[in-house]
Amino acid sequence: MNMFKTFLLLLGMTLLLLLIGERLGGTTGMTMALAFAVVLNFGTYWFSDKIVLRIYRARDPRPEERRAEVIVQNLAARANLPRPRVKVMDLPVPNAFATGRNPQHAVVAVTTGILGALNDEELTAVLAHELSHVKNRDILIGAIAATLAGAITLMARLAFWFGGGRDRNLVAMLAMLILGPLAAILIQMAVSRSREFAADRGAGILTNRPQDLSRALEKLQAAAKRQPLSEGAGSSATAHLFIVNPFKMSGLANLFSTHPTLEQRRERLEALDRELRGMPRGA
């Protein structure tokens, strides 16, 4: 199913490029856009994870940061998965994400902030969530969506600033400036909310301790509100990759949130805890 979604995303991106190419340059513009789409689709499939890791300057863990590597190794063995590589992002906000085109090429990235903010049980729960994304093969579509969302926003701005000529009026250019970022947000939403619930459940089952993840999510959410990540330190096009959205969301932006609310996630984790303990609802 995720491979089908990936195909639809790449197809949609190609059609959008052709539309923008035609608007800006007619037949010649469409031809150039098609050539660009082929290169972009190839690069997005093979290198989207590397692009995301480069955005955050992810590096190998230092000796004192190997705690995450040990936890990932143990969880991967328990989940019968190839052991992902672990990378560290020098960011104070506690957070994490997984990326890669398949489980054999998976990478789990953690911030320096999360290594200091969570205890072993909570960090294990977060990393189990990320390994659930790997197991569910969410990581490719997530990385591709991040790359495409950024590209759509950039192309919409280019269309606005460089559009002109016959039948290219200000209304059309404004529409592209507005609809481009909206399309990017909708791409993120399409791949994010349901997979977050599934990864939460997978983490609770893998650790057999859903409440550890619930506590971790509370801490991460509070930290994100207290010290949100700035666009200069990352890209909001990657927000859906993180276990908790690290960017500031307010007003109408909350309507397009890429993550379920903390309350929704806690309710499902509490229900899973009762399920694992064999307890009836409301007990």
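A few notes on this one:
- Added length on full extension, which subtracts the Cα-Cα distance from 0.36 nm per residue, Phe197 to Glu275: 26.5 nm
- Pairwise FRET efficiency - Asp120 versus Glu263, Cβ, R0 = 30 Å, nearest 0.05: 0.70
- Here region 224-247 and region 75-133 have alpha carbon centers that stand 16 Å from each other.
- Cross-linked pairs Lys219/Lys248; Lys50/Lys225; Lys135/Lys225; Lys135/Lys248: Cα-Cα separations exceed 25 Å for Lys50/Lys225; Lys135/Lys225; Lys135/Lys248.
- Interchain or long-range residues, amide H under 5 Å from Leu229's placed H: Phe247, Lys248
- Residues whose amide H falls under 5 Å from that of Val244, counting only those 5 or more places apart or on a different chain, are Ala96, with hydrogens built in the peptide plane.
- A simple spin-label model places pseudo-atoms 7 Å from Cα toward Cβ; at Arg67 and Thr28 they are separated by 6.0 nm.
- Cβ crowding within 10 Å ranks Ile141, Ile71, Ile55, Ile243 as Ile55, Ile71, Ile141, Ile243, fewest other Cβ atoms first.
FYI, it's all coordinate maths here, none of it is from the lab. Here the structure is a predicted model, which is why all the values come from computation and not from measurement. Backbone-built Cβ (ideal geometry, glycine too); neighbour counts: all protein chains shown.
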